[in-house]
Amino acid sequence: MFSSLRKLPLTVDLVPGESATSLGSRLARRNGVQRLITFCSDVGIDYFALANGDAQEVTRLGALAGVDPAALQLGTSQLIKPGWFRLGQERIKFTAFSRTALRSCGHVRQGGVISQMA
């Protein structure tokens, strides 16, 4: 089904633990598009499904970026039922997400993951 999706000529590297929307935003900018929602429309990805971690849309974005979709899915929260997401093995209520500021766990910061993302 995704064989028609080819890697874009201009790509960005996946940062370990990066979410699909973060990668998509950087990929959009690399290809001259200012907003992720516009980029998704241009390439035929359902923006809202991607923002909710839909596996099909994450896989499609991975194909365009030339990255492993399984690695991309690992850093992407996935809607499991209305109001609830899964990130790794954790269930998270949607109100815990702030998509405009980076917030992290102290254990993660000590492990150096955040410094790699900055």
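The values are calculated or read from the model by the stated rules, or taken from the named source; none is laboratory data. Because the structure is a prediction, the values reported are computed rather than measured. Here Cβ is always computed from backbone atoms with ideal geometry, including for glycine, and neighbour counts include all displayed protein chains.
The table that follows gives values for the structure above.
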quantity	calculated
Unmet criterion (only one of (1) of a type in the set (Asp, Glu); (2) over 22 Å from ILE92 (Cα atoms); (3) under 12 Å from the mean Cα position of the chain (by Cα)) for ASP13	(3)
Residue check for ARG91: touching a Phe, Trp or Tyr at 6+ places or on another chain (Cβ under 8 Å), at pLDDT below 95 and outside any loop (DSSP other than H, G, I, E, B)	yes
Residue match in segment 44-60 (condition: touching a helix residue (DSSP H, G or I) at 6+ places or on another chain (Cβ under 9 Å), assigned to a loop (DSSP other than H, G, I, E, B), surrounded by 17 or more Cβ atoms within 10 Å (Cβ to Cβ) and at pLDDT below 95)	no
Segment 42-81, subset of a type in the set (Ser, Thr, Tyr) and closer than 17 Å to PRO16 by Cβ, residue farthest from the chain's Cα centre (by Cα)	SER77
Among residues of segment 70-93, those that are in contact with a helix residue (DSSP H, G or I) (Cβ under 6 Å, 6 or more places away or on another chain) and either farther than 10 Å from VAL58 by Cα or not aliphatic (A, V, I, L, M) (or both), counted	3
Residue check for ARG99: at pLDDT below 90, among the charged types (D, E, K, R) and not in a helix (DSSP H, G or I)	yes
Hey, ARG86 at pLDDT 95 or above, over 11 Å from the mean Cα position of the chain (by Cα) and surrounded by 12 or more Cβ atoms within 10 Å (Cβ to Cβ) or not	no
Which numbered condition ARG35 misses (of (1) in contact (Cβ under 8 Å) with a residue 12 or more places away in the chain; (2) charged (D, E, K, R); (3) surrounded by fewer than 13 Cβ atoms within 10 Å (Cβ to Cβ))	(1)
Near pairs, Cβ below 6 angstrom, 6+ apart or cross-chain, from segment 45-64 (at positive phi) to any residue that is assigned to a loop (DSSP other than H, G, I, E, B) and small (Gly, Ala, Ser)	GLY53/SER77
